[in-house]
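Everything on this sheet refers to the single structure shown next.
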Amino acid sequence: MKPTADVDGLKTAAHKPPSFWENVEHWFERAAAFTSHPRGLLDQIKVCNAVYHVQFPIRTARGYEVIQGWRVQHSHHRLPCKGGIRFAPEVNEDEVKSLAALMTYKCALVDVPFGGAKGGVQIDRARYTDYEIETITRRYTAELAKKNFIGPAVDVPAPDYGTGAREMTWIADTYAALNPGQIDALGCVTGKPITQGGIRGRTEATGRGLFFGLREALSRADDMKSLGLTPGLEGKRVVVQGLGNVGYHSAKFLQEAGARIVGLVEFDGALHDPKGLDVDAVVAHRKNAGRIGGFGKAAELPREAGLELDCDILVPAALENVITAENAPRIKAKIIAEGANGPTTAAGDEILVKRGVRVLPDVFLNAGGVTVSYFEWLKNLSHVRFGRMGKRFEESAFSRMLQVIESATGQRLSEDERRAIVHGADEVDLVNSGLEDTMIGAYDRIFAAWKAEPKIPDLRTAAFATAINKVATSYLELGVFP
Ligand code: GLU
């Protein structure tokens, strides 16, 4: 096949679009050009350190079936490796490798001390009963355990597309059964329910992190002016694609902060209402009606048209490859806030950047999930809930301070004011505060890296270059590349 050079050196075969991995590789190389590391080190950072492909049998009501699964550990520069497990019919090795690589850069950007990993099981959940999903999850975990591809010190999975707290419980339980007496066994997976060693705030963490990241980006008045936008979220018109965990929570937090959700896009269609849609009401409607369409007076559109609605911010929050060279010229949003992993192809990205659309890249913007996973892992290793030791102590210190102020000034606060001031930090307060600080700090760093080098074309390149530098430093300090 004759190669054609479309985007900025990204060679694509004439009839074959670049794979997800080729897109990630393209972004890596583009950013690597702004670093000064030797080629061998860059190659070591780029490649996947370990790829495990497993095929195992399960028995269903329809007979025996072979299930395909993968776990890819992209980088061992820090251990454990970390990244979700995806259950979807489209799962394949190229996808799992790409997602694992994105995890490495994501963790590096938000100072989460893990290497990147990802897992995937190629199944269509709708075809299986709950019992069969449990069997598949437990068997997949056992396969990982056999090869030491899971454990609190080596590789720690989490939820991703098609999995949630329930699957994480089965994973933890299977791992614990195979490792009796291991005191830190619960740290083998994150995203667990609270009663099983989970942490408050993890379920909504990716959406909340997206909200903090977007709020931070929108707070820079000069930068927003260059996009023709006023600073702040208040009144911004937002379209969210995907109403799963990430899309739902992103939409909800943005709405609570005063943004107007003018469009919601699902796999079976899109809703449009310039006056704003109530996110919870749409979710309740979809649950009852079994489809997104037919909600009140909102206009109904095909899902492709949903992405192209007139808005200020588009949040793709489902799967990869939804913004491509084909639809990028028609996207009207001024900001793309990537909640999903890899929602924009390299060719689509190139067009957006040339058109002056600001892309807040996935490796930064959806890092809230893994950030709170890190907190959950710390909780599991320390065997104590955050806030347990200090909450009461803080409350009595604040209370004493208030008493002194009140008697010095002769003024008394109302009960509500008193409660707000005296409140000591609980687990969820600490988790959300750590997440907020992490997202703001990471944005500061990538924005500064972008502005420091005028030739860096966009935030994604700045984010990748920042991440590459961090991983490179870690390798150099390990003494691997003297
Ligand atoms: N699956 C999520 C992601 O893509 C979370 C990973 C984790 O918490 O380890 O970032």
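Quick one: work out the % antiparallel among DSSP beta bridges in the range 80-206, nearest 5.
Values: 1 of 9 bridges.
Bridges in the range 80-206 that DSSP calls antiparallel: roughly 10 percent.
Using modelled amide H (1.01 Å from N, peptide plane; none on Pro or chain starts), what sits under 5 Å from the amide H of Gly116, excluding residues fewer than 5 places away?
HN-HN under 5 Å from Gly116: His74, Ser75, Lys82, Thr104.
Quick query: amide H of Ala270 versus all other amide H atoms, modeled in the peptide plane; which residues come in under 5 Å with a sequence gap of 5 or more or a different chain?
Those lying under 5 Å, H to H, from Ala270 are Leu301, Arg303.
From the phi of every residue in the range 53-67, what ³J(HN,Hα) in whole Hz does the Karplus formula 6.51 cos²θ - 1.76 cosθ + 1.60 yield, where θ is phi - 60° and glycine or proline is x?
For the range 53-67, the Karplus-derived couplings read 10, 10, 10, 10, x, 9, 9, 10, 4, 9, x, 7, 9, 9, 9 Hz, x marking Gly and Pro.
Need one number: the % of Cα-Cα pairs in the chain sitting beyond the 42 Å mark. Write out the running numbers ahead of the final one.
Details: 20699 of 115921 pairs.
The share of Cα pairs beyond 42 Å in the chain comes to 18 percent.
Which net charge results when you count Lys and Arg as +1 and Asp and Glu as -1 among the other residues whose beta-carbon is under 11 Å from that of Leu319?
-3
Kindly write out, for the range 321-328 in residue order, the coupling ³J(HN,Hα) from the Karplus curve 6.51 cos²θ - 1.76 cosθ + 1.60 (θ = phi - 60°), rounded to whole Hz, with x marking Gly and Pro.
Per-residue couplings from phi come out as 6, 9, 10, 10, 4, 6, 9, 4 Hz.
Which Rg and Dmax, in Å, describe the Cα atoms of the range 64-212?
Using the Cα atoms of the range 64-212, the pair Rg, Dmax is 14.5, 47 Å.
Compute the Rg to Rh ratio over the range 188-344 from the alpha carbon atoms, using the Kirkwood formula for Rh, and round to two decimal places. Walk me through the intermediate numbers first.
Numbers: Rg = 15.7 Å, Rh = 16.0 Å.
With Rg and the Kirkwood Rh in hand, the quotient comes to 0.98.
Run the dipole for the chain about the Cα centre, Lys and Arg Cβ at +1, Asp and Glu Cβ at -1, nothing else charged, and hand back the magnitude in debye, nearest 20. Don't skip to the end; give the middle numbers.
Numbers: 59 positive and 60 negative charges, 54 e Å.
Dipole size: approximately 260 debye.
Say each of Arg330 and Asp94 gets a label point 7 Å from the Cα, pointing the same way as Cα to Cβ; how far apart are those two points in nm?
2.4
From the backbone phi of the range 275-280, what are the Karplus-calculated ³J(HN,Hα) couplings (6.51 cos²θ - 1.76 cosθ + 1.60, θ = phi - 60°) in whole Hz, Gly and Pro given as x?
7, x, 9, 7, 4, 5
So what's the Cα pair-distance distribution over the range 99-161, bin width 5 Å, in %?
For the range 99-161, the pair-distance distribution reads 4, 15, 22, 23, 16, 12, 7, 2.
State the dimensionless ratio Rg/Rh of the range 212-260 (Rg: radius of gyration of Cα atoms; Rh: Kirkwood radius). Don't jump to the answer; show the numbers that get you there.
Numbers: Rg = 11.3 Å, Rh = 11.3 Å.
Taking Rh as the inverse mean 1/r over Cα pairs, Rg/Rh reads 1.00.
Let me check I've understood the local charge: for Arg127, count other residues with C-beta under 15 angstrom from its C-beta, Lys and Arg +1, Asp and Glu -1. What total comes out?
Working: positive: Arg59, Arg62, Arg125; negative: Glu65, Glu90, Asp124, Asp130, Glu132, Glu134.
For residues surrounding Arg127, the net value is -3.
Over the residues of the range 321-476, compute the C-alpha Rg and express it relative to 2.2 N^0.38 Å. Please list the in-between numbers first.
Details: Rg = 22.4 Å, N = 156, 2.2 N^0.38 = 15.0 Å.
Taking the Cα Rg and dividing by 2.2 N^0.38 Å, one obtains 1.50.
Report for the chain the percent antiparallel among DSSP-assigned beta bridges with both residues inside it, nearest 5.
On the way: 28 of 51 bridges.
Roughly 55 percent of the DSSP beta bridges within the chain come out antiparallel.
Which far-off residues, 5 or more places away or on another chain, put their amide H under 5 Å from the one on Val359, with H placed in the peptide plane?
Amide H neighbours of Val359, under 5 Å, 5+ apart: Ile336, Leu459.
Summing -39500 (n - 2.57) over the DSSP H runs of n ≥ 4 in the chain and dividing by its residue number, what mean residue ellipticity at 222 nm do you reach, to the nearest 500 deg cm²/dmol?
The helix-only estimate for the chain comes to -14500 deg cm²/dmol at 222 nm.
For the pair Glu304/Asp184, report the inter-label distance in nm, with labels modelled 7 Å from Cα in the Cβ direction.
Label at Glu304, label at Asp184, 5.1 nm between them.
Could you bin all the Cα-Cα distances of the range 59-98 into 5 Å bins starting at 0 and give me the percent of pairs in each, rounded to whole numbers?
5, 18, 24, 18, 14, 11, 6, 4, 1
Which lysines have a Cα less than 19 Å from the Cα of Lys147, not counting those fewer than 8 places away in the same chain?
Counting by Cα, and skipping residues close in sequence, Lys147 has these lysines nearby: Lys82, Lys97, Lys118.
Using DSSP to define loop residues, name the GluC sites (Glu not before Pro) in the range 74-157 whose beta-carbon has at most 16 other beta-carbon atoms within 10 Å.
On the way: sites: Glu90, Glu93, Glu95, Glu132, Glu134, Glu143; in loops: Glu90.
Qualifying residues, ordered by number: Glu90.
What Kirkwood radius, in Å to one decimal, follows from the Cα pairs of the range 424-482?
On the way: mean 1/r = 0.0743 Å⁻¹.
Here the Kirkwood hydrodynamic radius works out to 13.5 Å.
Any read-out appearing in this document is the output of simple, stated calculations on the displayed coordinates, not a laboratory observation. Keep in mind it's a predicted model, so treat the numbers as computed, not measured. Every residue, glycine as well, gets a Cβ built from its backbone with ideal geometry; the counts of neighbours run over all protein chains shown.
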